[in-house]
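The values are calculated or read from the model by the stated rules, or taken from the named source; none is laboratory data. Because the structure is predicted, anything quoted here is derived from the model rather than measured. Positions of Cβ are backbone-derived with ideal geometry, glycine not excepted, and every protein chain shown enters the neighbour counts.
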């Protein structure tokens with residue numbers, strides 16, 4: 001157990017006009033037992049002393065107590081500062097486990113819970129490996145369990161069965177070359193459980209190895225990697241056009257492929273599907289240990305004029321592809337020839353006005369600003385069955401009050417938002433041919 005905890009309180013107090021009381025972020029999102037990690041919390045008012053941190057591994061928990069203090073008079077010529085404050089807390093590596101994080105605020109005699117969350121820390125190199133890494137709470141998933149090393153060196157005469165323990169419950173497992181098979185995982189409450197092996201004289205165990213998820217709830221992002229398909233929809237469009245998006249998902253091994261597609265999709269070969277009902281993007285929750293072996297492709301096709309055309313490939317973005325709160329898109333065409341739409345996505349924008357996106361429109365290749373717009377996020381509820389990103393959009397052809405856009409030309413777009421990593425692109429549709437181009441960040 002690592003008892004050393006290091007503190008990092010923001011050197012400066014950062015003002016947030018408003019924020020969600022449930023705001024809590026961990027960086028990196030899914031730390032391993034070898035990683036330093038940071039917990040960021042949003043607190044009302046001012047925090048002028050180091051947080052008080054208590055923690056344990058049995059049960060796995062982390063408790064951060066923030067103590068409110070008198071706000072400093074930073075600048076006499078400005079209005080008094082009254083918060084809120086962003087607090088960053090840095091932690092040394094910790095043992096594997098399913099940690100419950102609580103952030104509390106003490107203000108005089110009053111104490112309130114600001115936010116709570118779950119953090120699954122996994123072994124960087126576990127003694128036992130299980131595939132898939134996740135199972136539904138109803139159970140029934142076939143599990144493939146391996147050791148970090150060889151279970152049986154012989155080419156023949158290996159024991160036919162072994163014992164696999166899941167959260168302490170033993171199961172007889174069939175041996176196939178290099179792995180043990182549990183035909184059906186037992187039902188279990190949501191959360192991470194330990195998995196162990198007893199086979200051929202070996203006894204191995206890894207903590208918090210198998211995660212049970214409830215499809216009705218929001219995915220636990222320290223376990224699942226969010227993969228954004230920015231459009232997954234189809235139907236009629238402007239000027240008699242008709243649109244279809246087609247996606248391909250491929251994974252090796254194929255343990256959970258059948259359950260990864262959102263509802264309202266038509267799966268044809270188990271790999272290719274067309275989507276409906278996600279015009280602002282769909283998020284696939286892919287188990288992080290399998291994410292590197294999972295591949296996506298996405299195409300947008302206009303079918304009324306060219307039903308057999310290949311279409312245009314759209315980017316598929318992972319969490320690591322989301323950029324800092326500032327982003328720019330260059331050389332964007334707009335005007336009467338095109339339908340140009342800016343689409344912006346985020347996985348974790350703060351609530352309130354801080355989630356707004358500021359868009360500045362400049363003449364391409366210059367610093368000459370032609371206009372600006374303030375966009376608000378939509379924040380759909382995210383569950384396994386229907387997970388969509390926070391989303392904002394701007395139709396450039398609605399900016400006819402800007403003479404340069406009304407006349408047509410090329411423009412640069414500078415985007416800025418508070419405290420959220422974002423990604424976006426512009427779809428450009430030629431009004432005559434209905435051909436589609438995309439402008440992405442460079």
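Quickly run through the stretch 151-177 and pick out the residues that are assigned to a loop (DSSP other than H, G, I, E, B) and surrounded by fewer than 12 Cβ atoms within 10 Å (Cβ to Cβ). Steps first, answer last, please.
As a first pass, look at the stretch 151-177 and keep what is assigned to a loop (DSSP other than H, G, I, E, B): 151-160, 167-168, 177.
Across the stretch 151-177, the qualifying residues are 153, 154, 155, 156, 157, 160, 168, 177.
Taking the stretch 183-199 as the region of interest, how many residues are more than 20 Å from the chain's Cα centre (by Cα), under 19 Å from residue 120 (Cβ atoms) and surrounded by 15 or more Cβ atoms within 10 Å (Cβ to Cβ)?
Our first condition is that a residue be more than 20 Å from the chain's Cα centre (by Cα); within the stretch 183-199, this holds for 183-189, 193-199.
If we keep only those that are under 19 Å from residue 120 (Cβ atoms) as well, we get 185, 188-189, 193-196.
Now restrict to residues that are surrounded by 15 or more Cβ atoms within 10 Å (Cβ to Cβ): 185, 188, 193-196.
Qualifying residue count for the region: 6.
Against the conditions (1) within 25 Å of residue 235 (Cβ to Cβ); (2) in the same structural domain as residue 368 (by TED's automatic domain parsing); (3) under 25 Å from the mean Cα position of the chain (by Cα), where does residue 314 fall short? Just the number, please.
It is condition (2) that residue 314 fails.
Of the residues 337, 368, which single one is touching a residue at least 12 places away in the same chain (Cβ under 8 Å), over 21 Å from residue 423 (Cα atoms) and not assigned by TED's automatic domain parsing to the domain that holds residue 233? Before you say what the answer is, go through the steps one by one.
Values: 368 fails: touching a residue at least 12 places away in the same chain (Cβ under 8 Å).
None of the other options fit; the residue is 337.
Looking only at residues that are over 23 Å from the mean Cα position of the chain (by Cα), touching a residue at least 40 places away in the same chain (Cβ under 8 Å) and surrounded by fewer than 14 Cβ atoms within 10 Å (Cβ to Cβ) in the stretch 383-407, which one is nearest to residue 229 (Cα to Cα)?
The extreme case among them is 395.
Report whether or not residue 180 is in contact (Cβ under 8 Å) with a residue 24 or more places away in the chain, assigned by TED's automatic domain parsing to the domain that holds residue 32 and surrounded by 13 or more Cβ atoms within 10 Å (Cβ to Cβ). Give the derivation first.
Values: in contact (Cβ under 8 Å) with a residue 24 or more places away in the chain: yes; assigned by TED's automatic domain parsing to the domain that holds residue 32: no; surrounded by 13 or more Cβ atoms within 10 Å (Cβ to Cβ): yes.
Spelling it out, it is not the case that residue 180 is in contact (Cβ under 8 Å) with a residue 24 or more places away in the chain, assigned by TED's automatic domain parsing to the domain that holds residue 32 and surrounded by 13 or more Cβ atoms within 10 Å (Cβ to Cβ).
Criterion first (buried (at least 19 other Cβ atoms within 10 Å of the Cβ), in contact with a strand residue (DSSP E or B) (Cβ under 8 Å, 6 or more places away or on another chain) and modelled with pLDDT of 90 or more) does residue 121 satisfy it? Full working, then the answer.
Values: buried (at least 19 other Cβ atoms within 10 Å of the Cβ): yes; in contact with a strand residue (DSSP E or B) (Cβ under 8 Å, 6 or more places away or on another chain): yes; modelled with pLDDT of 90 or more: yes.
Yes.
Somewhere in the stretch 316-323, is a residue at pLDDT below 85 and out of contact with any helix residue (DSSP H, G or I) (no Cβ under 7 Å at 6 or more places or on another chain)? Lay out the reasoning, then the answer.
Quick first cut of the stretch 316-323, residues at pLDDT below 85 only: 323.
Applying the additional criterion that residues be out of contact with any helix residue (DSSP H, G or I) (no Cβ under 7 Å at 6 or more places or on another chain) yields 323.
So far as the stretch 316-323 goes, yes, one or more of its residues are at pLDDT below 85 and out of contact with any helix residue (DSSP H, G or I) (no Cβ under 7 Å at 6 or more places or on another chain).
Please indicate, with yes or no, whether at least one residue in the stretch 305-312 is modelled with pLDDT of 90 or more and surrounded by fewer than 19 Cβ atoms within 10 Å (Cβ to Cβ). Before you say what the answer is, go through the steps one by one.
The initial filter retains those residues of the stretch 305-312 that are modelled with pLDDT of 90 or more, namely 312.
Applying the additional criterion that residues be surrounded by fewer than 19 Cβ atoms within 10 Å (Cβ to Cβ) yields 312.
Within the stretch 305-312, one or more residues are modelled with pLDDT of 90 or more and surrounded by fewer than 19 Cβ atoms within 10 Å (Cβ to Cβ).
Here are some conditions: (1) within 32 Å of the chain's Cα centre (by Cα); (2) surrounded by fewer than 19 Cβ atoms within 10 Å (Cβ to Cβ); (3) at pLDDT 95 or above; (4) assigned to a strand (DSSP E or B). Residue 146 meets all but one. Which one does it not meet?
The single condition residue 146 does not satisfy is (3).
Please work out which residue is surrounded by the most Cβ atoms within 10 Å (Cβ to Cβ), limiting yourself to the stretch 317-337 and to residues that are part of a loop (DSSP other than H, G, I, E, B) and within 30 Å of the chain's Cα centre (by Cα).
Looking at the filtered set, the residue picked out is 322.
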